[in-house]
Amino acid sequence: MQQKTALIVGASGLTGQHLLELLLDDPLYAQITIYVRKPVHISHPKLVQQIVDFERLDGAIDATDVFCCLGTTIKKAGSQDAFKQVDLIYPQKIAALQLAAGSQKFLVISAVGADERSSIFYSRTKGQLEKALALLRYPCLCIFRPSFIMGDRAERRVGEKIGIFVAKLMSPILIGPLKKYKPVSAKALAKSMQHAAHHSGNGTHLFASDDIKTYE
Ligand SMILES: NC(=O)c1ccc[n+]([C@@H]2O[C@H](COP(=O)([O-])OP(=O)(O)OC[C@H]3O[C@@H](n4cnc5c(N)ncnc54)[C@H](OP(=O)(O)O)[C@@H]3O)[C@@H](O)[C@H]2O)c1
């Protein structure tokens with residue numbers, strides 16, 4: 001069995017933490033490197049933590065599969081420009097550096113409604129990221145477009161909580177083309193990223209909330 005190596009960016013976040021746990025337990029991965037701003041309190045023989053300054057990234061590591069769970073909110077980032085750095089510029093830069101270093105798969109969390117022509121800044125930024133990544137021409141690009149992501153979050157996000165509450169209430173009527181608006185758990189999203197890393201062949205693959213929900 002040929003083992004793989006992984007890089008996770010955003011491993012300290014809600015989805016990234018689940019993904020890190022899954023990959024550390026996954027015998028198909030020999031090594032998991034994470035790029036973090038501050039150390040995570042996990043020690044594991046397969047885990048390599050790299051404390052990085054995301055503004056000054058210029059190198060790459062040996063990773064067959066790259067998982068991007070980075071993201072922020074405009075409120076937390078402080079401005080639209082600062083949000084764009086985290087949700088567009090850093091992922092794009094890491095993807096380019098890793099591709100040049102030989103990474104084969106790039107798996108990224110975008111969002112439902114991602115569209116570079118959207119009038120909504122958040123959806124437009126996610127659409128711009130998807131387009132920039134497609135232009136890089138990775139052998140395999142997996143784009144996940146969840147609706148709201150549910151899980152235990154230490155941080156208080158009132159708007160997101162209201163959105164999850166409403167989406168859960170409406171869940172029984174979210175059928176047909178509306179299925180993509182169903183909220184998903186961070187764990188299911190992480191599982192679906194792990195599964196895609198093992199089973200997706202060459203090309204670009206899109207995963208909507210209803211694809212992700214099959215892992216719940
Ligand atoms: N939450 C939702 O309902 C929802 C819905 C659809 C799509 N999404 C997208 O899904 C992705 C993952 O969401 P999530 O809720 O799992 O993430 P999250 O819990 O907000 O975690 C975000 C990750 O990004 C890192 N990060 C944030 N700001 C950073 C900065 N300035 N520099 C470097 N790293 C930074 C965080 O690191 P630190 O620990 O160092 O802060 C953390 O590892 C995001 O792209 C998000 O836009 C989310």
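Can you tell me how many residues within the stretch 12-41 are in contact with a strand residue (DSSP E or B) (Cβ under 8 Å, 6 or more places away or on another chain), under 23 Å from Q2 (Cβ atoms) and not aromatic (F, W, Y)?
10
Taking the stretch 108-125 as the region of interest, how many residues are of a type outside the set (S, T, N, Q) and touching a Leu at 6+ places or on another chain (Cβ under 8 Å)?
3
From the list G151, G176, which residue is within 12 Å of the ligand (Cβ to nearest atom) and on the phi > 0 side of the Ramachandran plot?
Going through G151, G176 in turn, the sole match is G151.
Taking the conditions exactly as written (at pLDDT 95 or above, of a type in the set (K, R), closer than 22 Å to K93 by Cα and in contact with an Asp or Glu (Cβ under 9 Å, 6 or more places away or on another chain)), does R37 satisfy them or not?
Here the answer is yes, as R37 does meet what is asked.
I want to confirm something. Restricting to the stretch 154-173 and keeping residues that are charged (D, E, K, R) and within 11 Å of the ligand (Cβ to nearest atom), which single residue is modelled with the highest pLDDT?
The extreme case among them is K161.
Condition first: within 12 Å of the ligand (Cβ to nearest atom), buried (at least 21 other Cβ atoms within 10 Å of the Cβ) and part of a loop (DSSP other than H, G, I, E, B). Can you find one or more residues in the stretch 134-143 that meet it?
no
The values are calculated or read from the model by the stated rules, or taken from the named source; none is laboratory data. These numbers were taken from a predicted model, which means no experiment stands behind them. Using ideal geometry, Cβ is built from the backbone for each residue, glycine included, and neighbour counts are taken over all protein chains shown.
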